[in-house]
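Below: the structure, in C-alpha cells.
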Amino acid sequence: MENGEIEGAADDGVPVPAPPNGRRYRPVGSSDRAVIQMTSMEPGSSSSTSVAAVSGITPQPPRNLTVDPSLQEDHTVSQGDSKLELFGFDSLVNILGLKSMTGEQIQAPSSPRDGEDVAITIGRPKETGPKFGTMMGMAGVWQSLVLVSFCGACTFLTGISLSAIATNGAMKGGGPYYLIGRALGPEVGVSIGLCFFLGNAVAGSMYVLGAVETFLDAVPSAESVTVVNNTLVNGTATASTATISTPSLHDLQVYGVIVTILLCFIVFGGVKIINKVAPAFLIPVLFSLLCIYLGVFIAPRHNAPKGITGLSITTFKDNWGSEYQRTNNAGVPDPNGSIYWDFNALVGLFFPAVTGIMAGSNRSASLKDTQRSIPIGTLSATLTTTAMYLFSVLLFGALATREELLTDRLLTATVAWPAPAVIYIGIILSTLGAALQSLTGAPRLLAAIANDDILPVLNYFKAGDWGDGFKSAYFQLALRSLRSLGANQVHPKNWYPIPLIFCRPWGKLPENVPCHPKLADFANCMKKKGRGMSIFVSIIDGDYHELAEDAKTACRQLDTYIEYKRCEGVAEIIVAPSMSEGFRSIVQTMGLGNLKPNIIVMRYPEIWRRENLIQIPSTFVSIINDCIIANKAVVIVKGLDEWPNEYQRQYGTIDLYWIVRDGGLMLLLSQLLLTKETFESCKIQVFCIAEEDTDAEELKADVKKFLYDLRMHAEVIVVTMKSWEPHMESSSSGAPQDDSQEAYTSAQRRISTYLSEMKETAQREGHPLMEDGKQVVVNEQKIEKFLYTMFKLNSTILRYSRMAAVVLVSLPPPPLNHPAYFYMEYMDLLVENVPRMLIVRGYRRDVVTFFT
C-alpha cells in the first residue's frame, strides 16, 4: 500500500482496493465515529511501526465525501522514506479553505514538530467539538452591557429621526430613499437609495447562506464536509480532540439557489402572500426565544457540559470583568494570533445585530397609516430588542463560565429546552424571514427611484424640487452671507461685476427668442474667473393686471433660455406702462444689499433711424440718465450681431480710448475679455485722449506707471485733439477721415432740419422749445462743439483701430435739458463705421486697485 493511503474493508471482509495514485481516504459511513491518531516517527523507524488507534469502526455504505483536486498528486516515495511529513497538517488546512477563505497568505506545507500530536477526523463532526464565541467571554458582563446600550442608543436615536421625518407629512413607497430624498434632496436620496438597494440585494444572499449553513450544521447527513482537528485554546493544545468543519462550497451554492428560488416565488405572489407567510416565520422564532429562556432557568440539565453552571452569583462575579486576548482568523484564541479583540472590535462585531430598523419603512407603500405605524413599530421594536439583549447579557453572564462562553458559539442551542433543534429551526426561519424582507424591499426601493424620474438614464431633465433640507440650509447661508456683506461699499479687491442684462429694449427678435443670443454670450464674457451672477431683465409694456400671466410665461421662457446658454443668472420680467418707467423701477429696487446689479448692459439702438423709431432717443437718454443718478455703470454694445461666439477666435488688438476717469472699469473689462478663449490671442492698446496743450510724454509715463502697478500689459498711445473748432481743419488722415466727414456733414444737416421744425412748432403753438412734453434748452454753439468732438474721436478710432477686434470708448453723458434726438446724433457719429464697440461709463468708485 502506498504512502498516504488508508485501507478500508467491506462487510464481507474483502479489502477495498486503494486508488491508483495520490492521497486517498476511505469513505466513512454516516454512523462512523473514528479518530485515527498518528504520532511522528523517530529517525530510522519504518512505516510498519506506525500505530493507528482505531475505535468503533463499523464499515457502512459510503456517504458523500469531497476530496479537493489538489490532493490528486502522484507520490512515488519509497517505503523507507515514508514519514509523517506526507500528511502535513498545514497543507491540509489550506485544502479545507480555512486560510484561503480569510484572505491569509497560503504558506508552503510544513511538517509537525517532534512530539506534536495531529488528529484527523473523517466523516461526521464530533458532537462535543468546541465552537468559539467572542463578545461575552472577552468583554465581560459590564462592558457587554455598555456595548449593547451604546448600540441600542444609536439605533434608538436613528429611529427617532426616522419617525420625525415619517410624521412630517404623507409618505409614499420607497422607504428610506423616500424619507432621505425628501429631507436632504434628490441627489443624496438617490445616492443612498441605490446603495441601500444594493445592500438589500447582497444582504438577501447573505441571509440565505446563513440559513443554509445552519441547516447543514443541524443536519450533517445533508452535506459533504472535511473536518480538521488539533485546535488550540488559549495557545495550548486541548486534551480532547477538537473539531472544525467547513461545508462544501458546492453544497452552499446548490442549497442557496434552491432556497432563493422558493423565496422569489413567495415575493412574486405579492404582499398578500407575504403577509400570509409571515406568521410561519415569526411564530417559531418567538417560540425558540421562549425555549432559550426556559432552558436558562432550568439549567444545568443532566447532559449539560461542565461549563454550564446554571444561574450563579459566583459565575456572574467571575464574568463581570473583561479578558481580551488574541485570536487567529478563524476565531480561535491564540497568543500569536493576528487579531486582537478590544471594545472597538466588539462594536463592529455586534452592531449589525441592531441595524434592522428599516424593515418597517421598507414596506411603507403597504402600510395603511405610515405616520402612525412607522414610529410606533420602529421605536417599539428597538426598545424591545435592546431590553432583550441587556437581559440576555445578565442571564448568560451568570449561566456559564468564561471558557464555555468563549468555546461554545451556539450556547443558546446548548441550553435551550427541550433540544438544540428548536434553536436551529428558529435561526433558519429568522434568517429566511430577513432574506424575504430584503427581497421584498429592494425592488420596491428601486421602483420608487425610477418613479421619481431623476436618474440620468431615465430622465434627461435632473431632479424635482422637493423642498429638501439642503435648500433650506442654502437659503439660511445666503441670508447670513448677505447680512455679513452689509450695505457698505465693497473693496476693489472684492468687487465683482453683477451685470443687469437689458434683454429686449429695441431690435426685432422672434417671439420664441427672449434675449439676443450674442447678448448672453457677452454676459459670459463679463464674469471674473467664471464667477459672478447676471440678472436678465425684460420689460413688457401694458397693464400689470392684464399681463401678469403673460409675464410669468415670459419669465419661464427667459429662464429656460438662460440655462440653455449656460449663463449663471436669474430672469426677471417687469410689466410697466412704458419702457422708461419699467427701467426706472428696476434700477431702484433690483437686488439686495451689496448684491444689487452694478453694471447695466444693453445693445446700442442701431435700428432707430432705419426703422424710424422716434421714441427710442428719449428712452435711450432716459435710461442713461437713470443709471447715472442711481450710480450704476453702463456698458452699451454696438455691433452685437457681429459679436464673436465662443468658437470664433479673434486676433489683433483690444483698443481702449480712455477719455475720462471711470474707476478702471474699462481696464477691467479688457482684462476679462482676455480671459476668454475668443480674445486670449489679442493684445491691449490704451489710447489716452488729451487736450492740445497737454504734455503728452508726461501723460504717457503716468499711464504706463499706473498700468505697471496694476500688472497690466498694454501699449500706451497718447492722442491730442482740440476740444472744439469753429471750422473744419484740413484733413491729412486720408480715406478714413473722408468717411467720418461725410457722416459729420449728414448729421449737421439732420440736426439743422430737426431744430427748424422744433422752432416752427414752438412759434405756432406759442410755447418754449419742447421735446416729448419736456422743455429743452438749445445752444447751437454747444451742439456744434459736441458734434465736432464726436467727429474727431470717430476719425481717430478709424485711423488707429479699424482692424481692432473690439474697441472700448468712454460714454459721454447726455447734456442736461438737451434734446434727446441731438444726443442720438452725437452717438451715431461716434460709432460710425466701427464694427464692434463697447461704450463704457463707470461710476463714482474704483473697481481696480494696485494695492495687494
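The values are calculated or read from the model by the stated rules, or taken from the named source; none is laboratory data. Treat the numbers as computed from the prediction; the structure is a model and nothing was measured. Here the Cβ is made from the backbone with ideal geometry for all residues, glycine too, and neighbour counts use every protein chain on show. Note: areas computed on protein heavy atoms with side chains; ligands, DNA, RNA excluded. Shrake-Rupley method; radii C 1.70, N 1.55, O 1.52, S 1.80 Å.
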Query raised in the report: Restricting attention to region 625-636, does a residue exist that is surrounded by 19 or more Cβ atoms within 10 Å (Cβ to Cβ), assigned by the TED database to the domain that holds residue 522, farther than 23 Å from residue 844 by Cα and in contact with a helix residue (DSSP H, G or I) (Cβ under 8 Å, 6 or more places away or on another chain)?
Result: no
Query raised in the report: Out of region 386-420, which residues are touching a strand residue (DSSP E or B) at 6+ places or on another chain (Cβ under 9 Å), part of a helix (DSSP H, G or I) and buried (at least 18 other Cβ atoms within 10 Å of the Cβ)?
Result: 399, 404, 406, 407, 411, 414, 415
Query raised in the report: For residue 381, are the conditions met, namely being within 19 Å of residue 282 (Cβ to Cβ) and assigned by the TED database to the domain that holds residue 449?
Result: yes
Report summary line: Result of the Cβ filter at 6 Å on region 178-206, keeping first residues that are open to solvent by 60 Å² or more (accessible area, probe 1.4 Å) and partners that are of a type in the set (A, V, I, L, M) and assigned to a helix (DSSP H, G or I), at least 6 apart or interchain, is 192/180
Query raised in the report: How many of the residues making up region 486-519 are within 16 Å of residue 597 (Cβ to Cβ) and within 35 Å of the chain's Cα centre (by Cα)?
Result: 10
Query raised in the report: Which of the residues spanning region 691-720 are surrounded by fewer than 16 Cβ atoms within 10 Å (Cβ to Cβ) and of a type in the set (Gly, Ala, Ser)?
Result: 696, 701
**Report entry** Which numbered condition residue 774 misses (of (1) modelled with pLDDT of 85 or more; (2) open to solvent by 70 Å² or more (accessible area, probe 1.4 Å))
**Finding:** (1)
Report task. Considering each residue of region 649-697, count those that are outside any loop (DSSP other than H, G, I, E, B) and either among the polar types (S, T, N, Q) or within 21 Å of residue 796 (Cα to Cα) (or both), and give that number. Result -> 20
Query - Residues of region 154-196 satisfying the condition of being in a loop (DSSP other than H, G, I, E, B), farther than 27 Å from residue 348 by Cβ and under 22 Å from the mean Cα position of the chain (by Cα) - result: 174, 185
Query raised in the report: Any idea which of (1) open to solvent by 30 Å² or more (accessible area, probe 1.4 Å); (2) at pLDDT below 85; (3) over 30 Å from residue 171 (Cα atoms); (4) not charged (D, E, K, R) is the one residue 356 doesn't satisfy?
Result: (3)
Report summary line: Condition set among the aliphatic types (A, V, I, L, M), touching a residue at least 60 places away in the same chain (Cβ under 8 Å) and under 22 Å from residue 211 (Cα atoms), scope region 281-335, selection most open to solvent (accessible area, probe 1.4 Å): answer is 282
Requested in this report: Filter region 150-164 for residues that are free of Cβ contacts under 8 Å to residues at least 60 places away in the same chain and open to solvent by less than 70 Å² (accessible area, probe 1.4 Å) and give the result.
Outcome: 153, 161, 164
Query raised in the report: In this structure, does residue 668 turn out to be open to solvent by 10 Å² or more (accessible area, probe 1.4 Å), in the same structural domain as residue 839 (by the TED database), under 30 Å from residue 815 (Cβ atoms) and under 43 Å from the mean Cα position of the chain (by Cα)?
Result: yes
Requested in this report: Specify the residue that is farthest from the chain's Cα centre (by Cα); the eligible residues are those in region 588-607 that are surrounded by fewer than 20 Cβ atoms within 10 Å (Cβ to Cβ) and outside any loop (DSSP other than H, G, I, E, B).
Outcome: 588
Query raised in the report: Where residues in region 810-852 are part of a strand (DSSP E or B) and farther than 14 Å from residue 639 by Cα, which of them is most open to solvent (accessible area, probe 1.4 Å)?
Result: 841
Requested in this report: Check region 480-501 and report whether any residue there is outside any loop (DSSP other than H, G, I, E, B), touching a helix residue (DSSP H, G or I) at 6+ places or on another chain (Cβ under 9 Å), among the charged types (D, E, K, R) and open to solvent by less than 90 Å² (accessible area, probe 1.4 Å).
Outcome: no
Report task. For region 639-646, indicate whether the set of residues that are modelled with pLDDT under 85, in contact with a Cys (Cβ under 8 Å, 6 or more places away or on another chain) and of a type outside the set (D, E, K, R) is non-empty. Result -> no
Query raised in the report: So, in region 563-584, of the ones that are farther than 19 Å from residue 527 by Cβ and touching a residue at least 60 places away in the same chain (Cβ under 8 Å), which residue ends up surrounded by the fewest Cβ atoms within 10 Å (Cβ to Cβ)?
Result: 579
Report task. State whether the residues of region 842-851 include one that is modelled with pLDDT of 90 or more, assigned by the TED database to the domain that holds residue 709, within 51 Å of the chain's Cα centre (by Cα) and of a type in the set (D, E, K, R). Result -> no
